[in-house]
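Enquirer: Supplied in structure tokens, the structure appears directly below.
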Amino acid sequence: MDAASVLSRIESVAEGMLTDLAEGRVPVLQLARAARRSAEDSSRRPVVNDNGEEDIAEASYSLLGNQAKSALAYARVMVVLNTVHGLLRQGRQATQRDLYYTLLKPPLFRTVNDVNGAIAGAAAALRLPRWALGVTCAGRGAVAGRLRLREGPAAPWVDCSTAGPSGRALPGDLSSIARYGLQLTPGPPGPTFAALAAAAVAAACCTRRNAGAARDPEGGGEEGAWGDETEPGDDEDEEGGAHGGSGPGPGTAGGGGGGWRLPPGSVVLLVVEKDAVFQRLAEERVWEQLPCILVTARGLPDLATRAFVARLAAAFPPPRLIPLGLVDFNPAGVVILSTYKYGSDRLGPEGRAHTLPGLRWLGLRSCQLGEVEDEHLQRLTPRDQALIRSLRSRLGVAEPGWVAELDAMEAAGFKGDIEAIYHAGGGAGDAGGAAVEPGSRSYGDGGYGAVLDLVLRAVADGDVV
């Protein structure tokens, strides 16, 4: 939606307020408020239309009642609308932080929550995302790996594999994200990953042969039962393959392998919770072993980072790009995965507009902590336990593998950071782990190299949910 249309909407709201006052009525501001959704609902329907407007069933509520608190909230929204009107008329944008410092004047605005709530209210009143109002956020995201991008048709291409351990910073402006030109730079995997993948496929074939022999001791199985299974990706499950499934069945925590294999020629999009882990993998140049792109938002993903990964997924649908997540083994890690995959209700329609439907959980998971001593884990808090219950009810049948991990977490009473696997092989922070053996859970010699070992082995084994 262009600036002129947004200005017209703001002026219509102001005109309605003045008309109500002139005719002796208490002015009422109706804000769009979408109903809380489950993960299953989120995956089934779009949430915005082509104009960026809310396109789902919604409830409305009046912001102005007889209480002074409601009147104050109404005044805050109108002040934000007036400020946004001025910005748009001048053709300018402002970050949410800029607005905070501009508007922070008691008694109307006392805290950052007052400002943020009023901005969200203004967007809801107009039924538009914040970016349409010219309000942006400072970028938190970074990208590295097998991707080239440019900031417009005339700009030079930038190779993200040369950005260094910190990666290339992503802007907070969604319009800048939308202008990016994108190119994958796929290539053959490195020798370590290739060996692990070959061993995993051979092990799967051996398991199936043994199972077939057990069913038919005379060797009279179906002709061609083993087909081309030595090629990675050929035994991919059509329903729950690299981009469609949601992991093992209910109550099954642990390995998610079996039917999943990384298709040949694919690039993994690995979203990483922690900046320190992102930097470690970038320093190890993980993409030289596993063709991949690393993205981090340094915790809970901001809107711009989510828009970036959603744009990547739309530009390179599976099997060209396979999204996987690497987060802490705790309820907050599952919240991060869910936010990437299903969006967030907190920001209204724009919070649900940028999703990563094919995302699967690579780690850190219960089966990957088998050799980590309790001293390197943390006990669940009452808040963690409450969050587990909330996530279980929201994820429901949409993510049985994730729910099974939450069940395992709750049963054990422990949670763990990604860095806990530094100690999985007895390492204590050494500069790098030894090459991991297929089927091993010790991740080399531990230490910093254990994260790289975990990623390579999990993808090679198809160990995702």
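Enquirer: Under a 5 Å amide H to amide H cut-off, with H placed in plane at 1.01 Å, what residues pair with residue 136 once short-range neighbours are removed?
Expert: Distant-sequence amide H within range of residue 136: 94, 95, 96.
Enquirer: Check residue 267: other-chain or 5+ apart residues with amide H under 5 Å from its amide H, H built from backbone geometry?
Expert: Residues meeting the amide H criterion: 321, 322.
Enquirer: Right, another one. If I take the Cα coordinates of the stretch 308-424 and project them onto the principal axes, what are the three extents in Å, biggest first?
Expert: Here the spans come out as 43, 29, 22 Å, largest first.
Enquirer: Ranked highest first by the average count of other Cβ atoms within 10 Å around their residues, in what order do 138-144, 305-311, 382-388 fall?
Expert: Highest mean packing first, the order is 305-311, 138-144, 382-388.
Enquirer: Which peptide among 368-375, 145-152, 326-333 comes first, and what is the full order, when sorted by highest mean count of other Cβ atoms within 10 Å?
Expert: By packing density, highest mean first, the sequence is 326-333, 145-152, 368-375.
Taken together, the values in this text are just the output of simple stated rules run on the coordinates, not laboratory data. As the structure is a prediction and not an experimental result, all values here were calculated from the model. Every residue, glycine as well, gets a Cβ built from its backbone with ideal geometry; the counts of neighbours run over all protein chains shown.
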